[in-house]
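The values are calculated or read from the model by the stated rules, or taken from the named source; none is laboratory data. None of these values were measured; they are calculated from a predicted model. So basically every Cβ, Gly included, is an ideal-geometry build from the backbone, and we count neighbours across all protein chains shown. Heavy atoms of the whole protein, side chains included, go into the accessibility calculation; ligands, DNA and RNA do not. Shrake-Rupley method; radii C 1.70, N 1.55, O 1.52, S 1.80 Å.
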Number of protein chains: 4
Amino acid sequence: MSDINIIRLHHAALNVTDLEKARHFYEDGLGLIVTESDGRHLYLRGIDDANHHSLMLIKAGQPSLNHIAYRVSSEEALDRLGQIFLSENLPIRWLDKDEECGQGRALRVQDPQGFPVEFFCGMEKTELMMQKFHLHRGAKIKRIDHANCLVRDINQAYDWYIDKLGFMCSEYTVYSGEKDVLWAAWLHRKPTVHDLALIREVGPRYHHTGFWVDDAKTILDACDHLAGMGYYLNIERPPGRHGTSNAFFVYVRDPDGHRTELFTGDYFTNDPDWEPIRWSLEDPQRATFWGALPPKSWREEAMPVQHILTGELLKIEPPV
Amino acid sequence: MSDINIIRLHHAALNVTDLEKARHFYEDGLGLIVTESDGRHLYLRGIDDANHHSLMLIKAGQPSLNHIAYRVSSEEALDRLGQIFLSENLPIRWLDKDEECGQGRALRVQDPQGFPVEFFCGMEKTELMMQKFHLHRGAKIKRIDHANCLVRDINQAYDWYIDKLGFMCSEYTVYSGEKDVLWAAWLHRKPTVHDLALIREVGPRYHHTGFWVDDAKTILDACDHLAGMGYYLNIERPPGRHGTSNAFFVYVRDPDGHRTELFTGDYFTNDPDWEPIRWSLEDPQRATFWGALPPKSWREEAMPVQHILTGELLKIEPPV
Amino acid sequence: MSDINIIRLHHAALNVTDLEKARHFYEDGLGLIVTESDGRHLYLRGIDDANHHSLMLIKAGQPSLNHIAYRVSSEEALDRLGQIFLSENLPIRWLDKDEECGQGRALRVQDPQGFPVEFFCGMEKTELMMQKFHLHRGAKIKRIDHANCLVRDINQAYDWYIDKLGFMCSEYTVYSGEKDVLWAAWLHRKPTVHDLALIREVGPRYHHTGFWVDDAKTILDACDHLAGMGYYLNIERPPGRHGTSNAFFVYVRDPDGHRTELFTGDYFTNDPDWEPIRWSLEDPQRATFWGALPPKSWREEAMPVQHILTGELLKIEPPV
Amino acid sequence: MSDINIIRLHHAALNVTDLEKARHFYEDGLGLIVTESDGRHLYLRGIDDANHHSLMLIKAGQPSLNHIAYRVSSEEALDRLGQIFLSENLPIRWLDKDEECGQGRALRVQDPQGFPVEFFCGMEKTELMMQKFHLHRGAKIKRIDHANCLVRDINQAYDWYIDKLGFMCSEYTVYSGEKDVLWAAWLHRKPTVHDLALIREVGPRYHHTGFWVDDAKTILDACDHLAGMGYYLNIERPPGRHGTSNAFFVYVRDPDGHRTELFTGDYFTNDPDWEPIRWSLEDPQRATFWGALPPKSWREEAMPVQHILTGELLKIEPPV
């Protein structure tokens, strides 16, 4: 397990129905930087991203999750990951270098809960925009942070990512009762709160991609910027503090409904004696530390996910 | 009219049912500074306040607005105000120096819409806490900014404050239709957006007192501070940007339900050619520029107001 | 005196040697909005400015102060001001409407200390950019706030502005000793710390124009933005808190050396019992509340000022 | 090498001459939380720290660095570290559990450049204050971030930490010339800019301990708080943006002269193709991106370091 060494969540790839509309939202609205584009793909990155893309948009007939991608430490780690998925008879597909633009050889799989997941090691470098402050725009996104997935079998998903892929748990939420029954878990590889959040829900569905920004004021500025452009209906869940993760957040939806969390305020999770923080589902400060409930759309709406081989959308079913 | 010279809204006096609970909220929660107290009264002020109080809490059997108070430029202005209210046969009462603790001679009246309003010129000075930063706490409130009143007859109230008392209008909201019909108005004496907001509603009721803080980050810190203390249910309307007034805000309720707005982001309104900004009631960015609706309680709940002579609460009736 | 009613400092007009370089600095660097320009003039304004200009740049052979301008409440007030300056045998000149682009009839004078000062009432309105947040750039300047003038005779200047023009004093600094001897004074017409700061120095020289921004974070962002563009040498005095005025500031120099203060954190000064705050020149927290000394250039360099009739620069001499 | 697995810099231990004065500075000024104290020791931690201490103060005759401490992943890693230092004939000393209060078994060594360094795996847990926002005070320090050491032989130190202890380089500075000659290096184990900065200087001396805060506004608030308390002379280098590391910073000195950096604005450094950022010593934006020079004291003053066996201060000599 430890020799796989997944570094971190590295990018998300979203199927969108109108690439021009999506570009307007992500480039002019959120301020992501366009590295490259063609008629069917748009590759974007954050201010701190040194590689080709941390968000990839793909023209498609309907919106869905194309895949999320983790970066691993070496080509050997990639081979070992392939063996793990093969041995479990899960769908896998090897991509050649540049089959995904700018990216090295990659492994694409369907994880046990049905999520399309990619692993890769190498990616083309790009110009680092970190200190070109005068070119930072919109939400001034620094980098991708995490993916949030709605899974039907939370226990299976939790065990898979912890035991097989070496993730660690920073926080989790349980249904209260005589015994703790898991509702959600925040898992990480990089030493922050998460690379991957898992929630027990109707699934498989993709809830949101989390991007890191520098501070809370930047999130407020992003709201003003989006609302000034006319994107006020896209600000779905207003800025607030999460109980779980302690992050300051806002949630916005792109023109297809893909959800982005702008997120700041992390803490360090890699000490050998770190004990995951336990939340009860009923805790009124869990979702929002300041007490407000997420809106209905945030609680109920999420994206279907695509099969890595057939391209079909996976059937959405109740949790087990 | 111009020789009255009302300077600004100076303080609010609220009837509260439990002075200890109220003190915990306003002093430890919001960080207002206690100037003085006795068993029935608590006098508080902000960081920038050079005088005895900008908030006065009075022990009472039920919560209501005791009065709001404007400061005027001279004792002569006070006399002229008395004549205006007398000539309109409105209830008035003269208070001796120190009848309200720390305050000079004062005029208390019931305005034409039923609101208990006080005017005074002199008040005891206190220690200025402006640069004692290490003693600033909680919401780090700098000073009072405005009062928000729900009136039955908005046209009458508007004319009274503009024509008789010399207020000016910075922004207003209308029911859309063939002709503009007034729904709300933001009136000022000091050159900011408002000292007094008037809204057509079931009334007379007092909606909130607005206090100025330095910046948006301070408002977020205040939410964390209140939620850390357990006051998360008191954060009624989450932080956001108003369309009207362009202010960044949060609304909190004290243990009796009195509403406070923490507020920042004003602009200058005293140029001779300032044209009031017009809003349509239907504009989705009017209440919150970022699109979110205020919660039901914010739209529906407000405080009764007290008669200055009898102490009884005024009957609450539908708008005309 | 009281019938003059100066509203506030309204704009500054600076002579610059290279209009293109100046435009790059003020428009792309500081983010001021260009209202209009011709080959010899550039008219800029802040985000909250509803009128034609709050900064005017004029192509000239050498950098100097062309004039600072105050807005008055009425045309009659303008006439009375003309009489005051005439009766003192000070140089005056009447400008026709649009002689300064977008501006109504104006009075230009040389004040007793030699400063070129303009008074006017009317100015063309422009589009208000306040809520077009997506178009706010650079330092996101909201509006002009104050002018800082180095005068040879501080006592004369103080008396003139207080007694003749109705300014009020918010703070002042004295040489310590048996008796207070005035070194500097912060004077205002709008109810903030200042419209005009006067400092006893080699003069007459113009030290800086102060512009208001929303909060301290915006000032830090402005430094990053300017430094990202390569303007790091133009950041003369790093961000800090003033003792006097309590403002958070940064000072930047334009390509000709004209100095701009970005400034936030004001307080209200119009209460009838406001007592000016006294500072001793020796107080180590006076200039910077955090203790740092201003750099030599900030203490020693300032702009010559132009004669309103001859266009010549006034002779610079030691203080009296 | 890879089986050592140092997690991160975990705490600093400083010798101070007056424990009460030091406590006032670190607890009331910087807002660190006191976990435990006796007449000769004070143990403090940040808001996010889940263990006993991240700063330890020790009563001593003169100020110096007692040691800095790294946390390792396991007791086995500790043993292997002991073997490395033994095999190089460097001074080592094993500490029993609780010999340093709250800490497990530990290895203390003198590194090849003379710095007293500790390694340990286990430490007592404490109450996590992360969401007790109402108890956060002063600089609201979240956690320790890095140590900055002045070494005589930068090449030897660089190789030691990279090759023997598995550190990675995020940024470095060179004397410009025909060939790059190393002047300073930023080394990390956790995936941020650094756990350890090395600078070629008169040494061995300890320059500063860096603590993480949430955002730039918090650093400005900390300056106001310290200056309000009278600690304005302790604010040595005013807030600004570093070129190297891209962090926003302020440097403060404790009553003995120990230097603390309050620091925010990090980026992620663990991708397999991360290329260290190269700076030239002559770059005017290197030390401060906004162009200001550090004050003389910051460039010249630093603390002697103590021998782990004799307790004597190491002789300070010019760089090689």
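Structure notes:
- Test: residue in segment A:39-49 that is touching a Phe, Trp or Tyr at 6+ places or on another chain (Cβ under 7 Å) and basic (Lys, Arg): no
- Taken over segment C:1-40, the residue count meeting the criterion of being over 23 Å from residue C:160 (Cβ atoms) and assigned to a loop (DSSP other than H, G, I, E, B) is 8.
- Some residue of segment B:106-114 being without any contact (Cβ under 8 Å) to a residue 60 or more places away in the chain and either part of a loop (DSSP other than H, G, I, E, B) or within 16 Å of residue B:44 (Cβ to Cβ) (or both): yes
- Residue C:81, sole failed condition from (1) within 14 Å of another protein chain (Cβ to nearest Cβ); (2) buried (at least 16 other Cβ atoms within 10 Å of the Cβ); (3) in a helix (DSSP H, G or I): (1)
- Test: residue in segment A:123-142 that is under 30 Å from residue C:230 (Cβ atoms), away from chain C (no Cβ under 14 Å) and touching a helix residue (DSSP H, G or I) at 6+ places or on another chain (Cβ under 9 Å): yes
- Residue match in segment D:59-76 (condition: among the acidic types (Asp, Glu) and more than 19 Å from the chain's Cα centre (by Cα)): yes
- Residue, most open to solvent (accessible area, probe 1.4 Å), within segment A:41-73, restricted to residues that are in a loop (DSSP other than H, G, I, E, B) and within 25 Å of residue A:203 (Cα to Cα): A:62
- Residue identified as open to solvent by less than 10 Å² (accessible area, probe 1.4 Å) and touching a residue at least 60 places away in the same chain (Cβ under 8 Å) among D:128, D:165: D:165
- Qualifying residue in segment B:105-116 (condition: modelled with pLDDT of 95 or more and over 20 Å from the mean Cα position of the chain (by Cα)): yes
- Filtered residues of segment B:158-190 (kept if more than 13 Å from residue B:146 (Cβ to Cβ) and within 14 Å of chain C (Cβ to nearest Cβ)): B:166, B:168
- The residues of segment C:266-284 that are in a loop (DSSP other than H, G, I, E, B) and open to solvent by 30 Å² or more (accessible area, probe 1.4 Å), listed by number, are C:268, C:270, C:272, C:273, C:274, C:275, C:276, C:281, C:282, C:283, C:284.
- Residue pairs whose Cβ atoms lie under 6 Å apart, separated by 6 or more positions or on different chains, with the first residue in segment B:268-287 and assigned by TED's automatic domain parsing to the domain that holds residue B:248 and the second loosely packed, with under 14 Cβ neighbours inside 10 Å and not in a loop (DSSP other than H, G, I, E, B), are B:281/B:175.
- Qualifying position, being closer than 20 Å to residue C:254 by Cβ and touching a residue at least 60 places away in the same chain (Cβ under 8 Å), among C:74, C:64: C:64
- When residue D:271 is tested against (1) facing another protein chain (nearest Cβ under 7 Å); (2) out of contact with any Pro (no Cβ under 9 Å at 6 or more places or on another chain), just one condition goes unmet, and that condition is (2).
- Screening residue A:89 against (1) of a type outside the set (Lys, Arg); (2) out of contact with any Cys (no Cβ under 9 Å at 6 or more places or on another chain); (3) crowded, with 16+ Cβ neighbours inside 10 Å leaves a single unmet condition, (3).
- Cβ-Cβ under 9 Å pairs, at least 6 apart or on other chains, segment C:24-50 side at positive phi, far side part of a helix (DSSP H, G or I): C:31/C:222; C:31/C:225
- Against the criterion of being in the same structural domain as residue D:46 (by TED's automatic domain parsing) and not in a helix (DSSP H, G or I), residue D:127 does not qualify.
- Sole exception among (1) of a type in the set (A, V, I, L, M, F, W, C); (2) within 13 Å of another protein chain (Cβ to nearest Cβ); (3) open to solvent by 10 Å² or more (accessible area, probe 1.4 Å) for residue D:94, by number: (2)
- One residue from B:256, B:221 being of a type in the set (Asp, Glu), surrounded by fewer than 21 Cβ atoms within 10 Å (Cβ to Cβ), farther than 30 Å from residue C:8 by Cα and more than 8 Å from chain A (Cβ to nearest Cβ): B:256
- Residue check for residue C:289: in contact with a Gly (Cβ under 7 Å, 6 or more places away or on another chain) and either open to solvent by 30 Å² or more (accessible area, probe 1.4 Å) or under 21 Å from residue D:297 (Cβ atoms) (or both): yes
- Residue list for segment C:146-174, filter: polar (S, T, N, Q) and outside any helix (DSSP H, G or I): C:148, C:170, C:173
- So residue B:288, is it at pLDDT 95 or above and more than 9 Å from chain A (Cβ to nearest Cβ): no
- Which numbered condition residue B:236 misses (of (1) out of contact with any Lys or Arg (no Cβ under 7 Å at 6 or more places or on another chain); (2) open to solvent by 10 Å² or more (accessible area, probe 1.4 Å)): (1)
- Scanning segment B:243-253 for residues that are buried (at least 21 other Cβ atoms within 10 Å of the Cβ) and free of Cβ contacts under 8 Å to residues at least 60 places away in the same chain yields B:243, B:247, B:248, B:249, B:250, B:251.
- Candidates are the residues of segment C:201-218 that are out of contact with any Ser or Thr (no Cβ under 9 Å at 6 or more places or on another chain) and within 23 Å of residue C:284 (Cα to Cα); the one that is least open to solvent (accessible area, probe 1.4 Å) is C:207.
- In the set (1) open to solvent by less than 10 Å² (accessible area, probe 1.4 Å); (2) more than 10 Å from every other protein chain (Cβ to nearest Cβ); (3) assigned to a loop (DSSP other than H, G, I, E, B), the condition left unmet by residue A:263 is number (3).
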